[in-house]
Structures are given as structure tokens and as C-alpha cells.
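Asker: Sending over a structure as C-alpha cells; questions will come in a sec.
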């Protein structure tokens with residue numbers, strides 16, 4: 001991404017609050033995400049980071065606050081003010097969501113090609129050969145052998161499934177990708193491969209992203225900015241390298257100090 | 001006209017785990033660097049040289065003061081700037097050679113070096129050619145270019161670091177012990193490259209432990225231990 | 001009100017009570033107003049179990065009158081057990097003329113075929129439907145399929161066709177082939193062979209579909225576009241035979257393959273008995 005600072009945030013949150021009964025999961029979350037930025041949301045279990053992600057992506061409805069997305073089709077829209085139809089359409093075209101467990105983001109019973117092609121078919125692609133070629137190209141980009149195009153994800157390893165999930169999301173050239181612990185539960189070498197892949201794709205496709213993770217190493221590698229959450233609140237935020245190298249808040253300092261040395 | 005202007009820069013570290021212990025490091029630092037100048041930061045260990053340098057890059061957060069950099073046609077204030085502002089300045093204007101190459105798993109050395117240029121819009125082939133040239137000058141053999149730097153020696157990693165930081169012609173360069181792990185032969189190559197940048201108009205702020213390197217590159221000295229600074233023991 | 005002429009007052013006209021018929025007619029009107037949309041209805045207990053045409057029978061019962069002429073076919077034949085039973089049922093409870101001739105029928109109730117003889121304006125064809133939801137095999141949740149229809153989110157159906165081509169080299173579905181009705185709803189045309197799908201497209205007749213077990217009614221009004229789903233490079237194709245009908249010589253109709261002796265001798269015969277007889 002080169003050139004001048006762009007004029008509008010791609011995603012804005014103001015006063016976002018989500019409750020489950022009397023328990024407040026996240027409270028008064030404010031931020032602006034600018035095009036091309038990857039925002040990391042880190043925190044421990046129960047910090048509210050996943051709830052925040054789900055509210056941003058329209059999967060949960062907050063009790064208070066506004067989330068504004070600068071859509072390519074409709075201009076700035078209130079994510080929770082949209083009709084369900086529009087929100088579902090947005091989430092299949094302009095957004096991506098990479099789940100921690102790839103099974104939640106794939107159709108396990110159909111081939112990899114069908115999985116990748118689905119978003120294209122959902123918006124009217126009707127040429128089998130073209131869809132197949134695009135799907136094969138994407139398998140390549142996520143470093144899965146093209147010979148596996150007709151295999152079902154049940155025959156894939158965990159790392160392959162995750163890469164397939166990534167391809168399935170990116171085929172529609174989304175502008176904003178939500179990621180929930182995209183490398184959680186995977187072997188370390190597999191994680192490394194996927195992180196590299198994500199890093200490369202975010203760069204070449206100029207994606208904006210919100211990435212939830214508890215792993216500060218993942219945050220260091222993938223994110224430009226970081227928000228640290230504790231007990232539903234953002235306790236610190238700033239440039240990733242600055243938050244990790246010069247943490248101001250007591251909780252952030254404790255988190256950073258807790259990283260096991262290798 | 002300066003490319004970088006600092007005034008009133010003040011920073012302490014607060015360690016909450018030790019009962020909010022405050023360690024003041026910088027107080028009211030002021031300096032300015034113009035294109036073609038190389039300002040060497042000197043002072044005893046712990047006087048805040050590295051803290052100052054990292055603050056200039058936005059890696060450390062100052063408590064007070066102003067850091068203004070000439071970014072394109074404008075002056076940009078970096079203290080308390082929005083992240084995207086700092087990111088844009090780092091992309092095009094401000095380069096940093098740190099002592100540590102944070103190793104990105106699996107990315108080939110040639111790609112590590114070319115990345116900043118490609119991100120700025122340079123054509124990939126051209127960026128790779130430039131990377132090859134820099135790696136060549138810095139003595140990294142071609143057979144290592146397609147390997148990730150994770151398995152390289154400290155000195156090799158440092159030279160990859162330097163190549164990466166020089167792949168873009170940054171108007172302002174910050175150098176933190178650029179020759180620290182290098183043997184004399186490689187050191188000279190680095191000094192030559194930095195010298196060329198200075199001659200081409202870059203404004204440079206650097207920490208050079210090696211006196212001969214400092215003498216070769218610096219046009220001015222700034223003593224961090226003087227005038228109200230470094231009351232504590234952090235660097 | 002029971003009709004005193006039916007079995008000495010034991011049954012109401014056409015078996016169902018008047019309120020039920022009215023309810024079903026309301027469902028039919030709604031279905032006709034939104035072609036291809038599945039309308040829930042309060043299905044009644046019928047004198048035969050689910051899976052034997054209770055949906056089709058309820059639809060026919062709601063619309064039939066003494067002036068009608070009813071034809072009933074099962075797999076194209078008027079003379080199979082089920083067709084005979086249902087025809088006899090309506091002859092009794094609706095006091096109505098019956099026929100085997102497609103041309104003469106005002107209402108044709110059918111299981112698994114559309115008659116070869118082209119239908120005319122003013123005729124009604126009633127389909128017996130086992131599973132009305134075309135997405136059922138792809139999405140088991142009723143709540144979700146209703147949402148998909150409401151939002152026109154039919155990617156999953158196209159995915160299943162893609163998958164068929166990936167696995168078999170072609171779209172392997174040969175019956176109950178999904179169609180897009182009036183450019184809006186995907187519909188199951190009931191388990192008719194895909195050979196019959198083109199007959200549905202802009203038919204001059206009214207098509208009514210009844211599913212008894214699932215309690216859904218849907219409809220395609222006359223002259224409505226009905227398009228079979230496909231890909232641009234794998235267009236929809238119907239079945240064809242190298243043989244012709246062994247009895248009438250037809251090369252245009254859907255042929256059943258019959259094994260006629262223990263040695264395995266085969267004959268190909270028109271599935272539509274009326275069509276075949278007329279040609280002979």
C-alpha cells in the first residue's frame with residue numbers, strides 16, 4: 001500500500017457494549033480501523049475479545065454502541081442497522097471470517113473446489129470451468145496441491161483445512177477479514193506456515209483485518225496495531241511494536257513479561 | 001532545513017510489578033538533524049541512547065515533548081500521533097536499523113530484504129535486484145538468499161537487517177549499533193553504504209559503539225548524558 | 001356439511017369437510033400468488049398413509065367439483081394399483097367422471113410423471129410430492145432453509161451441482177431435478193424424471209404441488225418460466241434412448257425399460273400408457 005493516508009476508516013466502533021444477562025462481556029469499545037491495517041485484539045480467556053469480534057462481524061448484537069463499516073457497495077453503514085439480508089450478503093462478499101476451528105468455516109461434505117467456489121456461485125458465477133480454475137489457483141496460493149481439489153476437507157489435515165478456510169474466504173476478494181485465533185490448536189510448524197501465508201496475503205491483497213489472539217507472538221508477526229483487553233475493557237492500545245516493547249499498563253506489562261522464552 | 005526536530009522529549013519507564021517504580025530516562029531532550037548530517041548519540045551505558053532512538057521511531061512512547069519529521073512536503077508530529085500516521089512515516093520516510101532481526105519464519109532472505117520496497121510500490125523484480133545488490137555489498141553469499149535468516153549467524157542476520165533497512169531510500173535513518181556483530185571486513189561495507197546514503201542527503205541519527213565507525217560517519221555528536229537527561233539507569 | 005348423496009350421507013363431498021377445503025384453497029391461492037414458494041397448510045388425516053399421495057389427494061379434494069373429469073396416473077400409467085385406487089376414491093366421494101385420456105381430463109393427479117400429451121389452458125395438474133424442500137439434502141435445518149429461500153441465498157444448491165460434476169463428470173441428478181421458478185424461488189418439481197422438466201416451463205396449465213407428510217403446498221401458475229439449474233458449460237440435458245417404444249414406435253416419449261422373461265429379455269415401452277395406446 002503506497003501513497004497518501006486514506007480518508008475514512010473502514011470500520012469504526014463507538015461505545016460498543018455487549019452483555020450476557022448481568023455479565024458485561026465487553027464495555028465501551030471505541031476504535032477506528034483504517035484500510036490496510038491489521039488490528040490485533042489480545043487478551044486472556046474471558047477478556048471479551050471473541051465477543052467483540054463477533055459483534056463487529058455482525059454475528060452477535062450488542063446492547064449498546066454503533067459499528068460503522070465503510071462498504072464498497074453501500075458507503076458507510078451501521079452494521080447492526082442493516083437488514084439481515086444485506087448483512088449476510090456483506091459477510092459473503094466484502095468480509096471474511098476465519099474461525100479458529102476450520103470445520104466451523106467449511107462445508108466438510110463437499111470438495112475443496114466446491115468450498116472455494118461457493119462464494120463465487122453465491123453471487124452468480126455459472127461457468128463450471130472458470131470456477132474450478134479459480135478454485136485451483138487459490139489452492140495453489142494457500143500452498144495446497146491442486147490434485148486435492150476434488151477431495152473433501154475430511155481428508156485434509158488441520159493445517160490444510162485452515163488454509164482451505166482462508167482460501168474460501170479470500171476468493172471473493174473481501175476488504176475486511178475477521179480472524180479468531182486462526183492458528184489456535186495447530187502444531188507450531190503448521191502455525192508458522194499459516195502465519196507467513198496470512199502475512200503475505202494481507203500484504204498483497206491490501207486487506208484490513210481484526211485478529212483476535214491470545215498469542216503475543218502471532219500479534220507481533222501479523223498486526224500493525226494492538227488492543228489489549230482485560231475484563232471486557234481495552235486497557236491499552238497503540239502500535240503493536242510499541243505496546244509490546246514499551247507497555248504502559250500494568251496488565252499489559254504482566255502479559256508481555258509472561259511470554260515464555262524459547 | 002532540518003529533516004527531524006526534537007524538543008522537550010521526556011520519558012520514564014514505570015514498572016508496575018515493582019510497585020509502580022518510575023525510572024526516568026530522558027528529560028527535555030532537544031535536537032535537530034538536517035539532510036546530509038549524521039548525528040551520533042553518545043553517552044555512558046544506561047544513559048538513554050537506545051531509548052531516545054526508539055522514541056524517535058515511535059517504538060517507545062514519550063511522556064512529553066515533540067518529535068517532528070519532514071514527511072513528504074509536510075511536518076508530522078510523531079508524539080501521540082495516530083498509529084496510521086506513524087505507520088505511513090515508517091513506510092516512506094523513517095528507517096530503523098535495530099540490533100535485532102526479528103525473524104519471520106520461513107520467509108527467504110531475499111524477500112525479507114525486498115519487502116519494504118515492494119510495500120512501497122516498487123516493482124517486485126526491481127526490488128529483488130536491489131536486494132541482491134545490497135546483500136552482495138554486505139557480503140551475504142547468493143546461496144543464502146533463498147533461505148530464511150533463522151539459521152544464519154548473528155553477524156549475517158545483522159547484515160540482512162541492514163540490507164532490509166536500506167532497500168528504501170529513507171530520508172531519515174535511525175541506526176542502533178549497526179556494526180555491532182560484524183567483523184572488520186563487513187563493517188567497512190556497511191560504513192560505505194551508510195556513507196553513501198548520507199552523501200545522497202539522508203539525515204541520520206545513530207548509536208555507534210565503534211569509535212572508528214563513528215568517526216567515519218558522524219558529522220555531529222549529541223551527548224545524551226548532558227543537559228538535564230538521563231537521571232536513571234535504563235538504555 | 002355432509003353431502004347426502006355421498007355414501008348415504010357418510011362423507012362430505014370430496015371427503016374433506018368444507019372448512020378444510022376452504023383452508024386448503026387459501027393455501028393454494030397464496031401458492032399461486034407466489035410461484036414456487038412452499039405454503040404450509042393444515043394437512044388432515046387421510047384414508048391412506050403418508051408416502052401414498054395424501055398431499056396430492058388433499059389438493060385435488062379441495063378443487064374438484066361435479067363438473068370435473070379426473071385422470072390419475074402413477075409413473076405415467078393409469079392402470080397401476082395406486083392410480084386405480086385414487087381414481088376410484090374420487091369417483092366415489094366426489095361423484096365425478098373419470099378418464100384415462102389426458103386431453104379429456106380437467107384435473108390430472110400424478111405421481112412421478114408429467115403426461116406426454118401437452119396440457120392446455122384450463123387444465124390443472126396436481127403433483128404428489130414426498131419432500132417439498134429442494135435444499136433439504138444440503139441443509140437439514142428447516143429454519144435455515146426458510147431463511148435461504150427468503151434471502152434468495154441459493155449458493156448451496158449451485159455447490160451441489162458443482163460437486164456432482166466434480167465427482168461424476170456431469171450433473172448426475174436424473175429426477176427431482178431442481179428448477180428456478182419465475183426467477184425467484186428454487187423448487188422441487190417432485191420426483192419426475194428430468195425429461196419432464198421442460199414441460200413445466202411456461203405450461204398453459206396450472207401446476208399444483210401437494211406434500212402431505214411435510215404439509216406444504218406450492219404452485220406454478222400458467223405461463224410461468226421454470227428453468228432447470230445448470231452451468232453455462234454444463235447445460236441442462238434430457239434423457240434420450242436409442243430404442244423406440246416396442247408397442248407404438250414413439251421416439252419422443254419417456255421409455256420404461258421392462259425385463260420380460262427370465263432370460264433377461266428387455267423391452268422399451270412408453271411410460272405414459274394413454275399416449276402409447278392412442279398411437280397404436
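Asker: Return the pairs, sorted by first residue and then second, in which the second residue is at pLDDT below 95 and part of a helix (DSSP H, G or I), the first residue lies in the range C:155-168 and is closer than 19 Å to residue A:106 by Cβ and facing another protein chain (nearest Cβ under 7 Å), the beta carbons are less than 6 Å apart, and the residues are 6+ apart or on different chains.
Answerer: Short answer, once both residue conditions are applied: C:155/A:122.
Asker: From A:237, A:196, A:180, A:187, which residue is within 10 Å of another protein chain (Cβ to nearest Cβ) and either touching a helix residue (DSSP H, G or I) at 6+ places or on another chain (Cβ under 7 Å) or farther than 23 Å from residue A:136 by Cβ (or both)? Write out each step before concluding.
Answerer: On the way: A:196 fails: either touching a helix residue (DSSP H, G or I) at 6+ places or on another chain (Cβ under 7 Å) or farther than 23 Å from residue A:136 by Cβ (or both); A:180 fails: within 10 Å of another protein chain (Cβ to nearest Cβ); A:187 fails: within 10 Å of another protein chain (Cβ to nearest Cβ).
Going through A:237, A:196, A:180, A:187 in turn, just one is within 10 Å of another protein chain (Cβ to nearest Cβ) and either touching a helix residue (DSSP H, G or I) at 6+ places or on another chain (Cβ under 7 Å) or farther than 23 Å from residue A:136 by Cβ (or both): A:237.
Asker: Given (1) at pLDDT below 95; (2) over 29 Å from residue A:159 (Cβ atoms); (3) within 14 Å of chain B (Cβ to nearest Cβ), identify the lone condition not met by residue A:22.
Answerer: Of everything listed in (1) at pLDDT below 95; (2) over 29 Å from residue A:159 (Cβ atoms); (3) within 14 Å of chain B (Cβ to nearest Cβ), residue A:22 misses just condition (3).
Asker: Any chance the range B:167-180 includes a residue that's assigned to a helix (DSSP H, G or I) and touching a residue at least 24 places away in the same chain (Cβ under 8 Å)? Break it down into steps so the answer makes sense when it comes.
Answerer: Taking the range B:167-180 first, the residues assigned to a helix (DSSP H, G or I) are none.
Looking through the range B:167-180, none of the residues is assigned to a helix (DSSP H, G or I) and touching a residue at least 24 places away in the same chain (Cβ under 8 Å).
Asker: For residue B:106, state whether it is surrounded by fewer than 20 Cβ atoms within 10 Å (Cβ to Cβ) and within 22 Å of residue B:203 (Cα to Cα).
Answerer: Criteria not met by residue B:106.
To keep it simple, each residue is scored yes or no on (1) free of Cβ contacts under 8 Å to residues at least 24 places away in the same chain; (2) away from chain A (no Cβ under 13 Å); (3) farther than 30 Å from residue A:37 by Cα.
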{"site": "B:4", "(1), (2), (3)": "no, yes, no"}
{"site": "B:9", "(1), (2), (3)": "no, yes, no"}
{"site": "B:50", "(1), (2), (3)": "no, no, no"}
{"site": "B:56", "(1), (2), (3)": "no, no, no"}
{"site": "B:59", "(1), (2), (3)": "no, no, no"}
{"site": "B:111", "(1), (2), (3)": "yes, no, no"}
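Asker: Continuing with this model, one more query. Go through the range A:148-176 and count every residue that is away from every other protein chain (no Cβ under 13 Å) and in a loop (DSSP other than H, G, I, E, B).
Answerer: So the answer is 5.
Asker: Looking at (1) under 17 Å from residue C:231 (Cα atoms); (2) away from chain A (no Cβ under 12 Å), can you tell me which one residue C:135 breaks?
Answerer: Every listed condition holds for residue C:135 apart from (1).
Asker: Another question about this same structure. Quick check on my filter: what residues within the range A:108-118 are within 7 Å of chain C (Cβ to nearest Cβ) and surrounded by fewer than 24 Cβ atoms within 10 Å (Cβ to Cβ)?
Answerer: Step one: of the range A:108-118, the residues within 7 Å of chain C (Cβ to nearest Cβ) are A:110-111, A:113-114, A:117-118.
Matches in the range A:108-118: A:110, A:111.
The values are calculated or read from the model by the stated rules, or taken from the named source; none is laboratory data. What you are looking at is a predicted structure, and each value in this text was computed from that prediction instead of being measured. Glycine gets a Cβ as well: all are built from the backbone with ideal geometry, and neighbour counts include every protein chain shown.
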